[in-house]
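Enquirer: The structure is given below, and queries will be raised subsequently.
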Amino acid sequence: MHPAAVNEPERAPSVATEATLAAVDFVAQVDASLRFCYVSAGSIEFLGYHRDYLSSLTLHELVPSHEIDELDALVARAQQSGKLETATLHLLKSLTTPILVELRIVATHTPDLPGFALAAFEVSQWRDREAALRHALNHDSLTGLENLTALKSALDAAQAEAIHTHTHAALLLVDIDDFQRINRALGYDAGDDMLRETARRIQHAARAGERVTRVASDEFAVLFSAGTSAEAATAAEDVARRVLSAIAQPYRYRGQHTHLSASIGAAIFPDEIEQDSSSLLRMADHALAQAKTSGGNIVVFHVPDDDPRNAERLNLEADLYEGVRNGEFSLHFQPITQSRGGGVVGVEALIRWQHPVHGLVPPTAFIPLAESIGLINYLGNWVLKAACMQLVQWDSEGFVLDYVSVNVSPQQFRDKRFTQNVKEALQLTGLDPSRLVFEITESLLMHDPEEATRLLETLAALGIAFAVDDFGTGYSSLSYLQRFPLSKLKIDRSFIENLLTSRNNQAIVAAVVGLAKSLGLELVAEGVETQAQRELLIEMGCDQIQGWLISKALPAGDLMRCFQDKTLFLQAPL
Ligand code: C2E
Ligand code: CA
Ligand code: CA
């Protein structure tokens, strides 16, 4: 140890002030030529050199050659100012394994003792420490997920981004139903374990860009960018469905199986009413409270307070569950005919709900609701079986229709059990799969084209045909249509409605006819109400029509009577 520098207590603080703050790793004294006079024991250990060897070196030799100039400049500054000067430099740590360590050097010129006092700390370590601190502030120690603090700053950023890019941000608050039950029945260790598992599942269910946080003991959040206003609700429903089905899987704790369910409050920002910042959390919270009051295991979207639809929707929702229990649903069938000859080739199955008080509730009023609360899988599965069954029943009565067309919701389509359900329906009824058509929408295909292709190919391999429903209202690009195994396009009713008067609609229908022909797809025009529309469609080359001109959707028995009294006739087999 160099005697000159050992006892310099008055000078040490000037270096140590910053050094103490920064948890110093290296303290030393060098002479005017930067040769080491004093190095603390801890610093020797930190650098990894032998003390004798170090005393033979100058500071220049510990700095990589490209930083020598910077070191000299630092020394010159310290010399001139007589104050603390800092720079970020590298030191060569150890000779055998030279590792570059980033150091902040504080040099002070001490006039009575020619030379400099140095203190340094490893910046990378300091950064790690700072990062660890920040991590602790923004994370939850039980699950390792980000916490409410992190969510709040992420929310501000997400809302600002949504406004800036004219898109929407969505927030789901996921609350485990009656979680106290677990704590009571199995103890807090089990509770913690299941919360960790739930965190893992939600994170696993989330895709890139969907930010998962734990906001309270048994409450989680998923924040994501939900695209345009047309896409936002579907995007949010999709995430909610993934989260709910992840939580619905059985949990195991010490060999014991338990089930959890969750309620989700969903909010989309901005909506028509709430535009101010930090509203997402409030809106989602509000929706979550509603989800809880309606009994849990459900997704509720935030609807502004003063909106009467709010209460109506909640009522309808409870009724929908009741309706399922009481078997209030039935199917109507609408014929699809050859446009020229008029013979019926198939029927579209359309669901009907006979509400005990409101009477017949149209599907447009309850399908979106059934989708948002996860009932659509149940209903869709029922529709599928009932439709297949009906076709087989008609066969046995001597009315052999080519096919039955069934509407498939995106949620149903993305349900893992869908293929299995379809196979079951076919097996149960013995229907030839080539007599089953699924009507799907463009947005369903576009949501996850790879996954959609896989599923379509699996089902098409069974013999099932696919029709794109409401065609023309979505993306309509030739290149994407080609990649899916499709059989039909159903041109949306909105184009037919003003077909005779709108040149624009005529141009669209003409283009779709051309597209269908070039792709070898059958084309069905929906919503044909007049003979004039039918004639124009025939002229334009549209193969098949469906609409009130031919028949409304009817109960199976009524439809059969139309065949019997010859108001409808079957297309003769080709
Ligand atoms: P969609 O698939 O486009 O079904 C055609 C709708 O147009 C039916 O309404 C039908 O009654 C109506 N329609 C048929 N011809 C005419 C016409 O000439 N003029 C007019 N103005 N309307 C006509 P509906 O039965 O009320 O069904 C509405 C929507 O509900 C359906 O639209 C479909 O998206 C959905 N939906 C119906 N049943 C089911 C189902 O079982 N599952 C699913 N996922 N969705 C269904
Ligand atoms: Ca349809
Ligand atoms: Ca349609």
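The values are calculated or read from the model by the stated rules, or taken from the named source; none is laboratory data. These figures come from a predicted structure and were not determined experimentally. Cβ: placed from backbone, ideal geometry, glycine included. Neighbour counts: every protein chain shown. These area figures cover heavy atoms from the full protein model, side chains too; ligands, DNA and RNA do not enter into them. Shrake-Rupley method; radii C 1.70, N 1.55, O 1.52, S 1.80 Å.
Enquirer: Pick out the one residue from Thr149, Thr143, Thr108, Thr96 that is modelled with pLDDT of 85 or more, of a type outside the set (A, V, I, L, M) and either surrounded by 13 or more Cβ atoms within 10 Å (Cβ to Cβ) or closer than 22 Å to Thr58 by Cα (or both).
Expert: Thr143
Enquirer: Sticking with this one: If I filter region 222-241 for residues that are outside any strand (DSSP E or B), out of contact with any Lys or Arg (no Cβ under 7 Å at 6 or more places or on another chain), charged (D, E, K, R) and modelled with pLDDT of 95 or more, do I get at least one hit?
Expert: No; the residues of region 222-241 include none that is outside any strand (DSSP E or B), out of contact with any Lys or Arg (no Cβ under 7 Å at 6 or more places or on another chain), charged (D, E, K, R) and modelled with pLDDT of 95 or more.
Enquirer: Something else about it: Of the residues Arg454, Arg483, only one is open to solvent by 50 Å² or more (accessible area, probe 1.4 Å), away from ligand 1 (no atom under 16 Å from the Cβ), among the charged types (D, E, K, R) and modelled with pLDDT under 90; which?
Expert: Residue meeting the stated conditions: Arg483.
Enquirer: A follow-up question, please. Restricting to region 330-357, name every residue that is surrounded by 19 or more Cβ atoms within 10 Å (Cβ to Cβ), out of contact with any Pro (no Cβ under 7 Å at 6 or more places or on another chain) and over 17 Å from Val392 (Cα atoms).
Expert: Listed by number, the residues that qualify are Ile336, Thr337, Ser339, Trp353.
Condition check ((1) more than 17 Å from Leu489 (Cβ to Cβ); (2) within 25 Å of the chain's Cα centre (by Cα); (3) of a type outside the set (D, E, K, R); (4) surrounded by fewer than 19 Cβ atoms within 10 Å (Cβ to Cβ)) across all residues:
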residue: Phe413; (1), (2), (3), (4): yes, yes, yes, no
residue: Val422; (1), (2), (3), (4): yes, no, yes, no
residue: Leu444; (1), (2), (3), (4): no, yes, yes, no
residue: Gly463; (1), (2), (3), (4): yes, no, yes, yes
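Enquirer: Another question about this same structure. Residues that are touching a Leu at 6+ places or on another chain (Cβ under 8 Å), at least 2 per element: which helices (runs of 4 or more DSSP H) completely within region 372-456 meet that?
Expert: Passing ranges, in order: 376-397, 410-414, 418-429.
Enquirer: As an exercise: evaluate Thr473 against (1) more than 16 Å from ligand 1 (Cβ to nearest atom); (2) in the same structural domain as Pro335 (by TED's automatic domain parsing) and give the number of the one condition it does not meet.
Expert: Tallying (1) more than 16 Å from ligand 1 (Cβ to nearest atom); (2) in the same structural domain as Pro335 (by TED's automatic domain parsing), Thr473 fails exactly one: (1).
Enquirer: Does Pro362 meet the test of being more than 20 Å from Thr234 (Cα to Cα), within 16 Å of ligand 2 (Cβ to nearest atom) and surrounded by fewer than 19 Cβ atoms within 10 Å (Cβ to Cβ)?
Expert: Considered against the rule, which asks whether it is more than 20 Å from Thr234 (Cα to Cα), within 16 Å of ligand 2 (Cβ to nearest atom) and surrounded by fewer than 19 Cβ atoms within 10 Å (Cβ to Cβ), Pro362 comes out as yes.
Enquirer: Which residues, taken from region 500-529, are part of a loop (DSSP other than H, G, I, E, B), more than 12 Å from ligand 1 (Cβ to nearest atom) and in contact (Cβ under 8 Å) with a residue 24 or more places away in the chain?
Expert: Leu500, Leu521
Enquirer: Looking at Gln571, Gln531, which is the one that is at pLDDT below 95 and open to solvent by 20 Å² or more (accessible area, probe 1.4 Å)?
Expert: Answer to the selection: Gln571.
Enquirer: Of the numbered conditions (1) more than 16 Å from ligand 2 (Cβ to nearest atom); (2) crowded, with 21+ Cβ neighbours inside 10 Å; (3) assigned to a helix (DSSP H, G or I), Phe495 satisfies every one except a single condition; which is it?
Expert: (1)
Enquirer: Name the residues in region 41-50 that are open to solvent by 20 Å² or more (accessible area, probe 1.4 Å) and either assigned to a loop (DSSP other than H, G, I, E, B) or out of contact with any strand residue (DSSP E or B) (no Cβ under 8 Å at 6 or more places or on another chain) (or both), would you?
Expert: Answer for region 41-50, where residues must be open to solvent by 20 Å² or more (accessible area, probe 1.4 Å) and either assigned to a loop (DSSP other than H, G, I, E, B) or out of contact with any strand residue (DSSP E or B) (no Cβ under 8 Å at 6 or more places or on another chain) (or both): Ala41, Ile44, Glu45, Gly48, His50.
Here's the yes/no breakdown for (1) surrounded by 14 or more Cβ atoms within 10 Å (Cβ to Cβ); (2) within 21 Å of Asp189 (Cα to Cα); (3) not basic (Lys, Arg):
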site: Glu231; (1), (2), (3): yes, no, yes
site: Ala235; (1), (2), (3): yes, no, yes
site: Val239; (1), (2), (3): yes, no, yes
site: Ile247; (1), (2), (3): yes, yes, yes
site: Arg252; (1), (2), (3): no, yes, no
site: Ala266; (1), (2), (3): yes, no, yes
site: Phe269; (1), (2), (3): yes, no, yes
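Enquirer: To continue, here is another question. Arg435 fails exactly one of the following numbered conditions: (1) buried (at least 18 other Cβ atoms within 10 Å of the Cβ); (2) of a type in the set (Lys, Arg); (3) over 23 Å from Ala525 (Cα atoms). What is the number of that condition?
Expert: Answer for Arg435: the failing condition is (3).
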